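Visitor: Structure in structure tokens, see below.
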Amino acid sequence: RTKIHQRGSCTLFTRSMGIEIRERATLMQHLHKAFDAERLFLMYQPQVDLETGQFTGLEALIRWRTDDGVLIPPNDFIPLAEYSGLIISLGAWVLRTACFMMIRLQKAGIAPQRMGVNVSVIQFRQDDFIDIVEKALKDSGLAPSNLELEITESVTMSSAAMFETQLSKLKNLGVNIAIDDFGTGFSSLSYLDKLPVDRLKIDRAFVNQIDTPEGPRIAELITQLGKKLGLQVIAEGVEHAIHWKTLEAMGCHEGQGFFIGRPMLEDKLIEWIHTKGNSMRPQ
Ligand code: C2E
Ligand code: MG
Ligand code: MG
Ligand code: MG
């Protein structure tokens, strides 16, 4: 038995590079099996316009439930999937599943403007990544403008030339691009100005601290930077009304976080849309 079955929280594996080779191999087997057995699924977290409270988007977030019913968060297994290469097929599945979900919401007349899908750098730098995105859109029938790919800031730095080429291909396709966890990496500013990026996602670390005296400074800077560059800005980790109000006051366009809605399964999400979808604004 691997430790993953003994412990609910898999911090042991988060540091996956530190664990024994044998153990890591076992865990990868479990992950491969889980993928085959459809033990991986997506949850969806809503995003709203901070000024109007309007439901604007969703982010698809992957989950793994083991046979024992233990829920494993993505930070504990995505690195492993990247390491083993499984992320390629896993990521393609996430894309397709999220696109088909949007179509169901559109048919029900309750879809937001866009669906955000996290993309690993391993996926992103594959030559056929564009084809995979195009196929997910074509097969589902989703318009490219309703899809947004979230790429973490560290990726933008890994290989400038590769990044630029892939991005412009995706832009030509018509999909939106967001830089995730913005502020935690080291974006080159001149670069950010040139790249066809649509949105910055302020990392939740900067939102967390927003109600302390010097806390809002970084979130405010990122918001101003985004606006200067003509980009949309969304804050992650909006957990309290005060976060919302402070972000709104500094001009941040949108928010996502537990105060607005947790990541939800489809049923719960549909209920959320009907009951809270357009009345989220704090008093
Ligand atoms: P992320 O893309 O930055 O996603 C936001 C994370 O913040 C999610 O964690 C979400 O559940 C969490 N979150 C949202 N609102 C709040 C809040 O108000 N407070 C707090 N404390 N947390 C909040 P999650 O679902 O555990 O995902 C973690 C990371 O795993 C994601 O960070 C993303 O980088 C990665 N990930 C998730 N799904 C996928 C996927 O399908 N593919 C890839 N490549 N990566 C994924
Ligand atoms: Mg994300
Ligand atoms: Mg993020
Ligand atoms: Mg994050």
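Visitor: I'd like the full set of residues that are of a type in the set (Val, Ile, Thr) and modelled with pLDDT of 90 or more, limited to the stretch 166-212.
Guide: Result: 175, 177, 179, 197, 202, 207, 210.
Visitor: Exactly one condition in (1) closer than 24 Å to residue 100 by Cβ; (2) buried (at least 20 other Cβ atoms within 10 Å of the Cβ); (3) not hydrophobic (A, V, I, L, M, F, W, C) is false for residue 263; which is it?
Guide: Unmet condition: (2).
Visitor: Among the numbered criteria (1) within 16 Å of ligand 3 (Cβ to nearest atom); (2) out of contact with any Lys or Arg (no Cβ under 8 Å at 6 or more places or on another chain); (3) more than 18 Å from residue 48 (Cα to Cα), which single criterion is violated by residue 182?
Guide: Only one criterion is unmet by residue 182, namely (2).
Visitor: Another question about this same structure. Going by the structure shown, is residue 173 within 15 Å of ligand 3 (Cβ to nearest atom), in contact with a helix residue (DSSP H, G or I) (Cβ under 8 Å, 6 or more places away or on another chain) and farther than 25 Å from residue 84 by Cα? I'd like the intermediate steps shown before the answer.
Guide: On the way: within 15 Å of ligand 3 (Cβ to nearest atom): no; in contact with a helix residue (DSSP H, G or I) (Cβ under 8 Å, 6 or more places away or on another chain): yes; farther than 25 Å from residue 84 by Cα: yes.
Considered against the rule, which asks whether it is within 15 Å of ligand 3 (Cβ to nearest atom), in contact with a helix residue (DSSP H, G or I) (Cβ under 8 Å, 6 or more places away or on another chain) and farther than 25 Å from residue 84 by Cα, residue 173 comes out as no.
Visitor: Can you confirm whether residue 92 is near ligand 1 (Cβ under 9 Å from one of its atoms) and of a type in the set (A, V, I, L, M, F, W, C)?
Guide: no
Visitor: If we keep just the residues of the stretch 1-50 that are over 30 Å from residue 250 (Cβ atoms) and among the acidic types (Asp, Glu), which is modelled with the lowest pLDDT?
Guide: Among them, the one singled out is 20.
Visitor: Moving on to the next point. Hey, could you check the stretch 213-236 for residues that are surrounded by 21 or more Cβ atoms within 10 Å (Cβ to Cβ) and among the small types (Gly, Ala, Ser) and say which is nearest to ligand 3 (Cβ to nearest atom)?
Guide: Going through the qualifying residues, I end up with 235.
Visitor: Taking the condition buried (at least 21 other Cβ atoms within 10 Å of the Cβ), away from ligand 3 (no atom under 16 Å from the Cβ) and modelled with pLDDT of 95 or more, does residue 272 pass?
Guide: Details: buried (at least 21 other Cβ atoms within 10 Å of the Cβ): no; away from ligand 3 (no atom under 16 Å from the Cβ): yes; modelled with pLDDT of 95 or more: yes.
No: the conditions fail for residue 272.
Visitor: Of the conditions (1) surrounded by 15 or more Cβ atoms within 10 Å (Cβ to Cβ); (2) in contact with a strand residue (DSSP E or B) (Cβ under 9 Å, 6 or more places away or on another chain); (3) under 30 Å from residue 240 (Cβ atoms), residue 205 satisfies every one except a single condition; which number is it?
Guide: (1)
Visitor: May I pose another question? Give me the helices (runs of 4 or more DSSP H) completely within the stretch 184-283, filtered to those with at least 1 residues that are under 30 Å from residue 161 (Cβ atoms), ordered by residue number.
Guide: Counting at least 1 such residues, we get 189-194, 204-208, 217-228.
Visitor: Could you list all residues from the stretch 171-185 that are aliphatic (A, V, I, L, M), farther than 17 Å from residue 220 by Cα and within 16 Å of ligand 2 (Cβ to nearest atom)?
Guide: Result: 175, 177, 178.
Visitor: If residue 236 meets every condition in (1) away from ligand 2 (no atom under 15 Å from the Cβ); (2) under 18 Å from the mean Cα position of the chain (by Cα) apart from one, which number is that one?
Guide: It fails just one condition, (1).
Visitor: I need the full set of residues from the stretch 17-75 which are crowded, with 17+ Cβ neighbours inside 10 Å, among the charged types (D, E, K, R) and away from ligand 3 (no atom under 16 Å from the Cβ), in order please.
Guide: 24, 49
The values are calculated or read from the model by the stated rules, or taken from the named source; none is laboratory data. Bear in mind the structure is a predicted one, so any value in this text is a computation, not a measurement. So basically every Cβ, Gly included, is an ideal-geometry build from the backbone, and we count neighbours across all protein chains shown.
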